[in-house]
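S.K.: Sharing a structure with you now.
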Amino acid sequence: MMKNISKSQSKVLNCITDWVKAHDYPPTLRELSKLTGFKSTWTIRYHLNNLQEAGYIKLKKGFSRGIILMKNVFGIPVLGSISAGKPVDAIENIDGQIDLSNMFKDQKDMFALKVKGDSMQDAGIFEGDIAFVKKQLTAQDGEIVVALLDSEAVVKKYYLTKSGIKLVPANQKYQPIISKNAQIIGKVVGIIRKYSGRNI
């Protein structure tokens with residue numbers, strides 16, 4: 001449960017939230033100093049530590065942009081990257097937050113992953129997209145899922161066969177994967193793409 005915070009801490013938190021919404025990454029201490037009007041970065045650091053203790057943010061040591069807004073403040077956590085090509089290591093580090101209160105009313109047990117690769121492009125999922133995933137251990141044939149293969153994560157269409165779980169890409173360049181050890185960790189329920197002016 002989040003604790004009450006002072007007006008100064010609320011000011012810092014609002015500046016962080018507005019900055020992240022505008023830039024998709026957190027501000028530095030100096031940028032926060034300019035935004036809030038607090039001249040000393042020590043003062044900013046003091047308020048950040050209090051915000052972390054209150055549960056509003058998480059601070060990553062050693063990073064100039066190491067402020068992470070927690071889920072209850074800003075929405076669904078972005079956990080890392082997911083492969084839409086060859087399998088990649090499953091990533092558990094939180095990369096940021098995305099506010100989707102209007103799109104997903106029930107955000108319980110949801111997380112987001114950045115897509116890497118092009119194996120799902122014919123299903124409208126492209127590299128750089130953000131895939132929103134509902135945690136679940138089962139799926140229906142044809143649903144797009146996130147699955148673990150020997151601790152590596154992939155996004156593919158799911159089918160259950162006599163030989164095991166069949167994970168099918170949506171790109172003819174790639175072959176289906178059949179595995180008896182694949183573990184479903186969630187179903188893709190939404191995709192967001194930042195417009196870049198490219199042809200798709």
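S.K.: Just name the residue that is nearest to Asp122 (Cα to Cα) out of those in the stretch 145-163 that are surrounded by 13 or more Cβ atoms within 10 Å (Cβ to Cβ) and at pLDDT below 95.
M.R.: For the stretch 145-163, the residue satisfying everything is Val155.
S.K.: Which pairs do you get when a residue that is assigned to a helix (DSSP H, G or I), found in the stretch 43-71, comes within reach of a residue that is among the aromatic types (Phe, Trp, Tyr), reach meaning Cβ atoms under 6 angstrom, with the pair 6+ apart or on two chains?
M.R.: Listed by first residue and then by second, the contacts come to Ile44/Phe38.
The values are calculated or read from the model by the stated rules, or taken from the named source; none is laboratory data. No experiment lies behind these values; they were computed from the predicted model shown. A quick note on method: Cβ atoms are made from the backbone with ideal geometry, for glycine too, and the neighbour counts reach across all protein chains shown.
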